[in-house]
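Novice: My questions will all concern the structure given below.
What follows is calculated from the coordinates using simple rules that are stated; it is not laboratory data. In this text, all values refer to a predicted model and were calculated from it rather than measured experimentally. Here Cβ is always computed from backbone atoms with ideal geometry, including for glycine, and neighbour counts include all displayed protein chains.
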Amino acid sequence: MVDKNKIFDGLVKYLIGESILDLKISDITLETDIREDMGFDSLQLNTMILDLEDQYNIEFNDEVSQLKTVGEVVELIVEKVGFWFR
């Protein structure tokens, strides 16, 4: 079973490390917009996607262009990782 909370926690730590803004873990929720609220640009988003693919041994497709929030990223990771556990 895929642990959403563990994926969320790992993603939050990653995002804080990569963000140019001074954010705390408590500032980030599932509704946090990665571009608007965290100041990520397209290069940072592409780097994040590549890092997540490596970390979880998954591949993202065109659906990543639609991702806006932390929750959407978590759900997509869960979907991709969960596929391998079926």
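Novice: Quick one: give the max-minus-min coordinate of the C-alpha atoms of the chain along each principal axis, largest first, in Å.
Specialist: On the principal axes, the chain reaches 39, 25, 19 Å in Cα extent.
Novice: Further, regarding this structure: Cβ under 12 Å from Asn61's Cβ, Asn61 left aside: what net charge do those residues give with Lys, Arg +1 and Asp, Glu -1?
Specialist: Value of the local net charge: -4.
Novice: Still on this structure, I have one more. Treating the angle as unsigned and between 0 and 90°, give the value, to the nearest 10°, between the Cα long axis of helix 4-18 and the longest Cα principal axis of the chain.
Specialist: Once rounded, one gets 40 degrees.
Novice: If each residue of separation counts as 0.36 nm, what is the full-extension length gain between Asp51 and Lys24 once their alpha-carbon separation is subtracted?
Specialist: Length gained, Asp51 through Lys24: 7.6 nm.
Novice: Right, here's the next one. So which GluC sites (Glu not before Pro) in segment 1-43 end up in coil per DSSP with only 15 or fewer other C-beta atoms within 10 Å?
Specialist: Within segment 1-43, the qualifying GluC sites (Glu not before Pro) (loop, at most 15 other Cβ atoms within 10 Å) are Glu31, Glu36.
Novice: In degrees between 0 and 90, to the nearest 10, how far off the longest principal axis of the chain does helix 42-56 point, with axes built from Cα atoms?
Specialist: 40 degrees
Novice: Pop a pseudo-label 7 angstrom from the Cα along the beta-carbon direction at both Asn5 and Lys68 and give the gap in nm to one decimal.
Specialist: The two pseudo-label positions are separated by 2.8 nm.
Novice: Could you check which residue among Val74, Val12, Val64 shows the biggest mean-square fluctuation in a GNM of the chain with a 10 Å Cα cutoff?
Specialist: Maximum fluctuation in the GNM of the chain, among the listed residues, is at Val64.
Novice: Loop only by DSSP, 14 or fewer other Cβ within 10 Å of the Cβ. Give me the trypsin sites (Lys or Arg not before Pro) in segment 1-68 that pass, ordered by residue number.
Specialist: Passing both the DSSP loop test and the Cβ count: Lys24, Arg35, Lys68.
Novice: Tilt of helix 70-83 relative to the longest C-alpha principal axis of the chain, in degrees (0 to 90, nearest 10)?
Specialist: 20 degrees
Novice: Within segment 38-69, list the GluC sites (Glu not before Pro) lying in a DSSP loop whose Cβ has at most 13 other Cβ atoms in a 10 Å radius.
Specialist: Here the sparse-neighbourhood loop sites are Glu59.
Novice: Also, I was wondering about something else. Scanning the chain for chymotrypsin sites (Phe, Trp or Tyr not before Pro) in DSSP loops with at most 14 other Cβ atoms within 10 Å, what's the longest stretch left with none?
Specialist: Result, exposed sites excluded: 1-83.
Novice: Taking amide H atoms as placed 1.01 Å from N in the peptide plane, list the residues 5 or more away in sequence, or in a different chain, whose amide H sits under 5 Å from that of Thr69.
Specialist: Amide H to amide H, under 5 Å and 5 or more residues apart or across chains, Thr69 pairs with Ile34.
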